[in-house]
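The values are calculated or read from the model by the stated rules, or taken from the named source; none is laboratory data. Note that the structure is a prediction, hence the values are computed from the model and not measured. Because the Cβ atoms are built from the backbone with ideal geometry, glycine has one as well, and the counts that use them run over all protein chains shown. Surface accessibility is based on the protein's heavy atoms, side chains included, excluding ligands, DNA and RNA. Shrake-Rupley method; radii C 1.70, N 1.55, O 1.52, S 1.80 Å.
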Amino acid sequence: MSELNKITLQNAITEFEITANALTDVRKNFTEEIEKGLESPAETSLKMLPSFLTLPTGDESGTYLALDFGGTNVRVLKIKIWKRGNYKILKKTESPLKTAGKFDFTAATATGEELFDFIAKLIELTLEGSTDEIYLGHTFSFPSEQLDLANAKLISWTKEFKTKGVEGENVTELLTKALKKRNLDFVKPVAVINDTVATLISSAYIRENILIGSIYATGHNTCYFEPNYNGKEMIINLESGGFSKLEQNSYDKLLDEKSEKPGEQLLEKMVSGRYVGELYSLVLQKALNSEKLFDFSSLDLCNIAQNIDAAKIIEEKAEYAPKDGETALFVKLAANILTRSASLVAATFLGIYSHTKKLPAVAIDGSLYAKNPFLQDIIADNLKEADIKTFKADEGSALGAAIAAALAVK
Ligand code: GLC
């Protein structure tokens, strides 16, 4: 069994600590990037993508298909919405995008055509034989240049997706082609939105004062309601995962170098579910001087941070049984990685507030957030002073897609 280098572990614990001063800087830099970005987005690390949507009125209604694509699973839902806050899921079909040994639509071996054919098949299953015309809202959770509400071009993959033939393409055209091939022309894609925008509009449909929508899951990103986008109201997708005015520590740099797109998505690589477990793995590999790659998930990290089966998880994933007193170090490292993650996320919300000066309520969706009261508390604590409230968004991505479709055909 390997030896633990305690100094390496202790140093890493310090590297992942985040000070109040550092968080104040993040908040300030974030505000500056927004304000610079409103003038000329190319000069900032925030993409500031207009969504072609403003807040819903609450009167939106009808039955729609919602396609939710952008994380580990793809989901198609048939949803009925009526009046502020009311919705019913009539049917839901879901599939992972990769299954070991069978298929992986996120890999470079897959093409956009194959991916959208797979999605069209799920749409067909959700329809259960119905051939009535139906409008579809698509939550596509990647940085996209919106051509209008119905059409968006993928700028570049994030979250380590590599599927060929989608970057630079209009994803609505790819979807429409796939629908045609399956004789599903009566399905009309009328809106394509980011998942943060879906979270914001679905929560604003239900309650007042929601002005920020955020995803804290495999990926991380935030959008907000901008009252003055070239003189108009507009929900703007910040693509805040790309925010780069940050201090990276040695493990952040290592992770970035090994990633699919070095230099990009720096905030996301410090906070999101796709990466926090990897940061932990990198530290343990070094501290245990291991050649083998470890595979800690964000869920493992949340358990370790709360000292739930910590020693057992370390032993399983890193093949090392912590000795007396060592478990506390492993717990502390997990807690620091996650505390830094949630505190950075909160600092960006504060940064938006410093820009808009209008007290927002924040809707947050995503598995990492929803499943971990531990992270919810850290975010809430960081926002307490500013009196900013947070809400968990339920079915945000799907409900938002349905509302966007309703807004498109209004
Ligand atoms: C990544 C994507 C972004 C999305 C986020 C959450 O950051 O680039 O568009 O909102 O993940 O899914």
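Yes or no: the range 336-344 includes at least one residue that is open to solvent by 10 Å² or more (accessible area, probe 1.4 Å), touching a residue at least 12 places away in the same chain (Cβ under 8 Å) and of a type in the set (A, V, I, L, M).
The answer is no, given that none of the residues of the range 336-344 is open to solvent by 10 Å² or more (accessible area, probe 1.4 Å), touching a residue at least 12 places away in the same chain (Cβ under 8 Å) and of a type in the set (A, V, I, L, M).
Of the numbered conditions (1) out of contact with any Phe, Trp or Tyr (no Cβ under 7 Å at 6 or more places or on another chain); (2) part of a loop (DSSP other than H, G, I, E, B); (3) open to solvent by less than 40 Å² (accessible area, probe 1.4 Å), L149 satisfies every one except a single condition; which is it?
(1)
Inside the range 67-89, can you point out the residues that are farther than 22 Å from W157 by Cβ, part of a strand (DSSP E or B), in contact (Cβ under 8 Å) with a residue 40 or more places away in the chain and of a type outside the set (K, R)?
If the condition is that a residue be farther than 22 Å from W157 by Cβ, part of a strand (DSSP E or B), in contact (Cβ under 8 Å) with a residue 40 or more places away in the chain and of a type outside the set (K, R), then L77, I79, I81, Y87, I89 are the ones that fit.
Within the range 184-224, can you find the residues that are out of contact with any Leu (no Cβ under 6 Å at 6 or more places or on another chain), open to solvent by 10 Å² or more (accessible area, probe 1.4 Å), assigned to a strand (DSSP E or B) and away from the ligand (no atom under 16 Å from the Cβ)?
K188, V190, L211
Cβ contacts < 9 Å: first residue farther than 18 Å from N221 by Cα, restricted to the range 32-52; second residue modelled with pLDDT under 95 and open to solvent by 20 Å² or more (accessible area, probe 1.4 Å), any location; separation 6+ or different chain. Result?
K36/E43
Please state which of the following conditions D381 fails to meet, knowing it meets all the rest: (1) open to solvent by 50 Å² or more (accessible area, probe 1.4 Å); (2) in contact with a helix residue (DSSP H, G or I) (Cβ under 6 Å, 6 or more places away or on another chain).
Unmet condition: (2).
If we keep just the residues of the range 242-271 that are among the basic types (K, R) and either assigned to a loop (DSSP other than H, G, I, E, B) or within 19 Å of S343 (Cβ to Cβ) (or both), which is farthest from the chain's Cα centre (by Cα)?
Filtering the range 242-271 down to residues among the basic types (K, R) leaves 245, 253, 258, 261, 269.
Narrowing the set further to residues that are either assigned to a loop (DSSP other than H, G, I, E, B) or within 19 Å of S343 (Cβ to Cβ) (or both) leaves 245, 261, 269.
Values: K245: 19, K261: 17, K269: 11 Å.
Ranking the qualifying residues of the range 242-271, first place goes to K245.
Output the residues belonging to the range 4-18 that are of a type in the set (S, T, Y) and open to solvent by 80 Å² or more (accessible area, probe 1.4 Å).
T14
Take A120 and decide whether it is part of a strand (DSSP E or B), surrounded by 16 or more Cβ atoms within 10 Å (Cβ to Cβ), in contact with a helix residue (DSSP H, G or I) (Cβ under 9 Å, 6 or more places away or on another chain) and not β-branched (V, I, T).
no
T356: at pLDDT 95 or above and under 17 Å from I18 (Cβ atoms), yes or no?
Criteria not met by T356.
Check I81, I89 and return the single one that is more than 16 Å from the ligand (Cβ to nearest atom), at pLDDT 95 or above and in contact with a helix residue (DSSP H, G or I) (Cβ under 7 Å, 6 or more places away or on another chain).
The conditions single out I81.
Look through the range 272-331, keep the residues that are surrounded by 22 or more Cβ atoms within 10 Å (Cβ to Cβ) and not in a helix (DSSP H, G or I), and return whichever of them is farthest from the chain's Cα centre (by Cα).
Checking each candidate, the answer is F296.
Just for the range 366-378: of the residues that are open to solvent by less than 30 Å² (accessible area, probe 1.4 Å) and outside any helix (DSSP H, G or I), which one is nearest to A20 (Cα to Cα)?
N372
Does any residue in the range 116-142 that is on the phi > 0 side of the Ramachandran plot come within less than 9 Å, Cβ to Cβ, of a residue that is more than 16 Å from the ligand (Cβ to nearest atom) six or more places away or on a different chain, and which pairs are these?
Every condition considered, the pairs that remain are E128/K78; E128/K91.
Is it the case that N230 is touching an Asp or Glu at 6+ places or on another chain (Cβ under 9 Å) and under 27 Å from E39 (Cβ atoms)?
no
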